[in-house]
Amino acid sequence: MSGRREEILDAALAIADERGLEAVSMRALAERVGVTPMALYRHVKDKAALLDGMVGRLLSALLPTDGADAGEEPTWDQRLDALAHACRAVTQRHPWAAHLLFSRPAVTPDAVRAVDIIYLALIEAGVPEPQVPRLERLISTFVIGFAASEASGRFTPGALDPRGRRSQLPAGELPGHSRVGPWLDLPVDLTAEFEADLADIRRMVESVARGGE
């Protein structure tokens with residue numbers, strides 16, 4: 001990536017951090033970097049390309065650095081865990097990012113490299129190659145979906161506590177809620193829940209791999 005293009009994408013991320021993703025436009029970006037809108041088109045051909053470039057810039061933070069400490073090569077599950085944690089950290093720093101990651105395909109070099117990490121981890125785990133793309137989609141959807149829900153506040157009760165929400169419906173209307181009610185009102189440790197979900201994903205991957213033996 002050229003230094004100028006990198007500067008432009010960093011400026012787009014800064015605008016989104018300050019004013020939200022909807023504030024990112026070619027005109028606003030041109031004003032931020034001090035050029036005319038036409039000058040931007042040498043580096044990003046249109047708004048769609050800009051958004052794709054922003055996805056790549058975000059996902060570049062998920063890639064291993066060349067300066068990583070020498071030592072044993074991480075196992076497949078360690079690589080998946082590291083990628084998942086890095087993705088969650090990105091969306092915690094940029095709460096708008098999860099929506100963008102969900103809405104754009106992985107087409108830039110850094111985005112494709114991030115997906116390739118998952119492919120290789122699944123292959124190393126022993127997943128049959130025809131099943132690798134499906135499991136990559138499942139894992140990516142979980143990680144980005146969890147991050148999006150966390151960033152949007154979907155996991156928090158909001159202005160009305162969970163018990164209050166349930167009381168808006170007639171008694172007996174929610175038999176499932178009644179069964180698990182004692183656990184619904186407990187404080188949620190989202191980090192612990194994320195780790196438990198990753199452990200379930202590892203077991204699922206191992207199960208698929210065993211089925212292919």
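Laboratory data are not the source of any read-out in this text; all were calculated from the coordinates shown. Note that the coordinates shown come from a computational prediction; the quantities given were computed from them, not determined experimentally. In this analysis, Cβ positions are derived from the backbone assuming ideal geometry, glycine residues included, and neighbour counts consider all displayed protein chains.
Some values worked out for this structure:
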| read-out | value |
| --- | --- |
| Rounded tilt (10° steps) of 132-152 against the dominant C-alpha axis of the chain | 90 |
| Fluctuation leader among ARG27, ARG104, ARG88 - the chain, Gaussian network, Cα springs under 10 angstrom | ARG27 |
| On Cα atoms only, tilt of 76-93 relative to the major axis of the chain in degrees | 70 |
| Amide H partners (placed H, <5 Å) of VAL35, local residues excluded | none |
| Choice from ALA39, ALA49, ALA111 with maximal GNM fluctuation in the chain (Cα, 10 Å cutoff) | ALA39 |
| Prolate/oblate/rounded label for segment 69-211 (Cα gyration tensor, a/c 1.5) | prolate |
| Length added when fully stretched, ARG113-SER149, from 0.36 nm per residue minus Cα-Cα | 10.5 nm |
| Label point distance in nm, LEU63-ARG5, each placed 7 Å from Cα along Cα→Cβ | 1.1 |
| Efficiency of FRET between LYS47 and ARG202 - r from beta-carbon atoms, R0 41 angstrom, step 0.05 | 0.60 |
| In degrees, nearest ten, helix 47-60 long axis to first principal axis of the chain (Cα) | 70 |
| Max mean-square fluctuation residue, GNM over the chain, Cα-Cα springs under 10 Å, options GLU18, GLU73, GLU31 | GLU73 |
| Principal axes of segment 1-58: Cα extent on each, largest first, Å | 25, 22, 18 |
